[in-house]
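Heads up, the thing below is written out as structure tokens.
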Amino acid sequence: METIPKSDCEKIGYFKKTHGVRGEIVLEFEPQFEFSIENANRFFVEIDGLLVPFFLIEDGFRYKTDETAILTFDGVETEKYAKRLVGCSVFLFTDEIQLEPDAEADGRFEGFTLWDEILGEIGKIEHIDDYSGNIVFTLNYKGTELLVPFNEDFLVETDVQHKIIKLRLPEGLIE
């Protein structure tokens with residue numbers, strides 16, 4: 001039987017406790033792995049020094065807090081079974097670790113001029129913040145600091161050559 005080498009994996013957290021009586025278990029994870037666990041369907045649990053794969057059931061993942069998630073695995077259907085996993089380290093394959101899309105990805109728009117599809121030119125993007133995955137552009141609009149949420153659904157077009165980003169902003173955002 002072939003085992004999964006730990007050198008091919010990265011520890012993302014551990015099982016903190018059970019949740020309920022149906023085999024759900026609370027994973028406490030490091031914040032930098034939030035995006036990775038959200039998109040994973042298989043986790044490796046260290047049991048007696050070996051990494052054992054566990055597969056999520058459909059809809060078997062939900063956040064509890066910023067650094068904990070409740071997982072439901074296929075075949076783990078009782079609290080008694082889940083209790084055996086409490087305290088165990090949890091891993092993902094290193095090549096499955098996904099860095100969270102951060103300000104660097106959308107930082108490319110810093111210095112761009114923001115245009116609204118209806119209002120026209122709004123101003124130059126001075127700063128970009130990431131509030132828990134929500135990208136917000138800071139710019140000066142008619143002498144006042146304006147915070148504009150960035151969402152792919154708002155995006156109309158980008159002109160990298162002329163450093164322009166055109167959005168379809170929600171009505172009433174700019175008064």
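Here are the numbers for the structure shown:
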| item | result |
| --- | --- |
| One residue from G87, G111 being in the same structural domain as R42 (by TED's automatic domain parsing), assigned to a loop (DSSP other than H, G, I, E, B) and modelled with pLDDT of 85 or more | G87 |
| Residue list for region 35-47, restricted to those being over 15 Å from F15 (Cα atoms) and out of contact with any helix residue (DSSP H, G or I) (no Cβ under 8 Å at 6 or more places or on another chain) | F35, E38, N39, N41 |
| The lone exception for L51 - which of (1) hydrophobic (A, V, I, L, M, F, W, C); (2) surrounded by 14 or more Cβ atoms within 10 Å (Cβ to Cβ); (3) in a loop (DSSP other than H, G, I, E, B) it fails | (3) |
| Single residue of region 31-48 satisfying the filter (at pLDDT below 90 and over 12 Å from F91 (Cβ atoms)) that is surrounded by the most Cβ atoms within 10 Å (Cβ to Cβ) | E34 |
| So V76, is it β-branched (V, I, T), touching a helix residue (DSSP H, G or I) at 6+ places or on another chain (Cβ under 8 Å) and not in a strand (DSSP E or B) | yes |
| When residues of region 150-175 are limited to those that are in a strand (DSSP E or B) and more than 14 Å from G123 (Cα to Cα), the one farthest from the chain's Cα centre (by Cα) | D159 |
| Tabulated pairs, region 38-57, first free of Cβ contacts under 8 Å to residues at least 12 places away in the same chain, second assigned to a strand (DSSP E or B) and surrounded by fewer than 16 Cβ atoms within 10 Å (Cβ to Cβ), C-beta under 6 angstrom, 6+ apart or interchain | none |
| Count - residues of region 56-79 that are β-branched (V, I, T), more than 16 Å from the chain's Cα centre (by Cα) and surrounded by fewer than 15 Cβ atoms within 10 Å (Cβ to Cβ) | 1 |
| Single unsatisfied condition, K16 versus (1) touching a helix residue (DSSP H, G or I) at 6+ places or on another chain (Cβ under 9 Å); (2) closer than 28 Å to Y131 by Cα; (3) assigned to a strand (DSSP E or B) | (1) |
| Cross-chain or 6+ apart pairs with Cβ under 7 Å, region 140-168 first and farther than 15 Å from F109 by Cβ, then at pLDDT below 85 | Y141/I174 |
| Flag if F73 is aromatic (F, W, Y), closer than 30 Å to V136 by Cβ and in contact (Cβ under 8 Å) with a residue 40 or more places away in the chain | no |
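The values are calculated or read from the model by the stated rules, or taken from the named source; none is laboratory data. These figures come from a predicted structure and were not determined experimentally. So basically every Cβ, Gly included, is an ideal-geometry build from the backbone, and we count neighbours across all protein chains shown.
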